[in-house]
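One structure below.
The values are calculated or read from the model by the stated rules, or taken from the named source; none is laboratory data. Everything quoted here is computed from the prediction, not taken from an experiment. Note that each Cβ is placed from the backbone with ideal geometry, even for glycine, and that neighbours are counted across all protein chains shown. Ligands, DNA and RNA are stripped out before the accessible areas are found, and what is left, the full protein with its side chains, is counted by its heavy atoms. Shrake-Rupley method; radii C 1.70, N 1.55, O 1.52, S 1.80 Å.
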Amino acid sequence: MNLSELITGNMVTLQVPLSDSYHEFGTRIVGKKDGVLILSCVKVAGKNIRMPLDKINIYCQLLNKLYIWRGVKVDTLPLGARVYYRIKDTNLESENYNRRGAYRLPVDEILQLGIYRNGEEQKESVLVKDISESGFAFITNREFKKGDRVRLSYTPEEETFDMHAYIIRSLYNAETGKYSYGCKMPEFDALLGGFIMKEQIRRRKMFA
C-alpha cells in the first residue's frame, strides 16, 4: 500500500528512534492536498512535540492488517496558533508487518515473567499481548534492555508452555509511559505452534 493512499481521518502511529529504543506517538491525519499529508500534533505533558525528523517509521492498521512505512520524513508545520505535522514525500510503499513471521495469538493477560539478572531469575508481572511459536510480546512500566534473557510460563487449561526468549525490540509509548517489548525464542516451538493453531480454529468457530 502506498503512503499516499491514506486519507483524512486515518489513525497512525509515529515511531521515533531515540537513543537505544523507540518512542511511539499516536496521531490522526487531518488533511490531504496534492499528495501531502497533514497530521495533528502530538502533545506530551501539555507541550507540542516538534518533528524535524528525517527517518521515522509510520504504522497504520487497516482492515485488520498492520502496514509500516520506513524512513519517512516528517516536519513541523506551524499554522497560526496551531502546530501540525507534514509529510511531503508520500510516494512510499508499505510492507505487511509481522516481525516474527508466525501467527500471533492474542492473550491480553497479566502473567509472571522471569528476567535473568547475573544468572538469577527475577519475577515481574507484565501484560502479555500475544504469543506465537517463535516468541511473544508484553507491556510493562519497567525498562529492560535488548538482549535480556526472559522466560514466560503460559498455562492455558491443563497445558503449560515454558517459553525462553530474548528481548529483540523495545518501544516506549510517551502517552502511557509504558514500554512494549518483543521477544524471540531461539527455535520454533512445534508443540506451542500446534496449540496455537487449534486455539485459532476454536476461536474462529466461536465467532463464525
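Take the conditions assigned to a loop (DSSP other than H, G, I, E, B), open to solvent by 50 Å² or more (accessible area, probe 1.4 Å) and in contact with a strand residue (DSSP E or B) (Cβ under 9 Å, 6 or more places away or on another chain) and apply them to K129. Does it pass?
For K129, the condition - assigned to a loop (DSSP other than H, G, I, E, B), open to solvent by 50 Å² or more (accessible area, probe 1.4 Å) and in contact with a strand residue (DSSP E or B) (Cβ under 9 Å, 6 or more places away or on another chain) - is not met.
I need the full set of residues from region 119-131 which are in contact (Cβ under 8 Å) with a residue 40 or more places away in the chain and not charged (D, E, K, R), in order please.
If the condition is that a residue be in contact (Cβ under 8 Å) with a residue 40 or more places away in the chain and not charged (D, E, K, R), then I131 is the only one that fits.
Kindly indicate whether Y116 is without any contact (Cβ under 8 Å) to a residue 24 or more places away in the chain, farther than 30 Å from N48 by Cβ and in a strand (DSSP E or B).
The answer is no for Y116.
Within region 81-116, can you find the residues that are open to solvent by 70 Å² or more (accessible area, probe 1.4 Å), more than 20 Å from the chain's Cα centre (by Cα) and at pLDDT 85 or above?
Selection gives R82, K88, D89, N91, Q112.
On the given criteria, is L37 touching a residue at least 12 places away in the same chain (Cβ under 8 Å) and under 28 Å from G182 (Cβ atoms)?
Yes; evaluated as a whole, the condition is true for this residue.
Quick one: in region 11-42, of everything that is more than 19 Å from L79 (Cα to Cα) and open to solvent by less than 30 Å² (accessible area, probe 1.4 Å), which residue is modelled with the highest pLDDT?
It comes out as V12.
Return the residues of region 145-160 that are in contact (Cβ under 8 Å) with a residue 12 or more places away in the chain, surrounded by fewer than 17 Cβ atoms within 10 Å (Cβ to Cβ) and either in contact with a strand residue (DSSP E or B) (Cβ under 8 Å, 6 or more places away or on another chain) or within 25 Å of V44 (Cβ to Cβ) (or both); say none if nothing qualifies.
Once the filter is applied, which keeps residues that are in contact (Cβ under 8 Å) with a residue 12 or more places away in the chain, surrounded by fewer than 17 Cβ atoms within 10 Å (Cβ to Cβ) and either in contact with a strand residue (DSSP E or B) (Cβ under 8 Å, 6 or more places away or on another chain) or within 25 Å of V44 (Cβ to Cβ) (or both), region 145-160 yields K145, K146, G147, D148, R149, R151, S153.
Looking at region 159-206 only, could you name the residues that are among the β-branched types (V, I, T) and part of a helix (DSSP H, G or I)?
Once the filter is applied, which keeps residues that are among the β-branched types (V, I, T) and part of a helix (DSSP H, G or I), region 159-206 yields I196, I201.
Please determine whether any residue of region 43-57 is modelled with pLDDT of 90 or more and either crowded, with 17+ Cβ neighbours inside 10 Å or within 19 Å of the chain's Cα centre (by Cα) (or both).
Within region 43-57, none of the residues are modelled with pLDDT of 90 or more and either crowded, with 17+ Cβ neighbours inside 10 Å or within 19 Å of the chain's Cα centre (by Cα) (or both).
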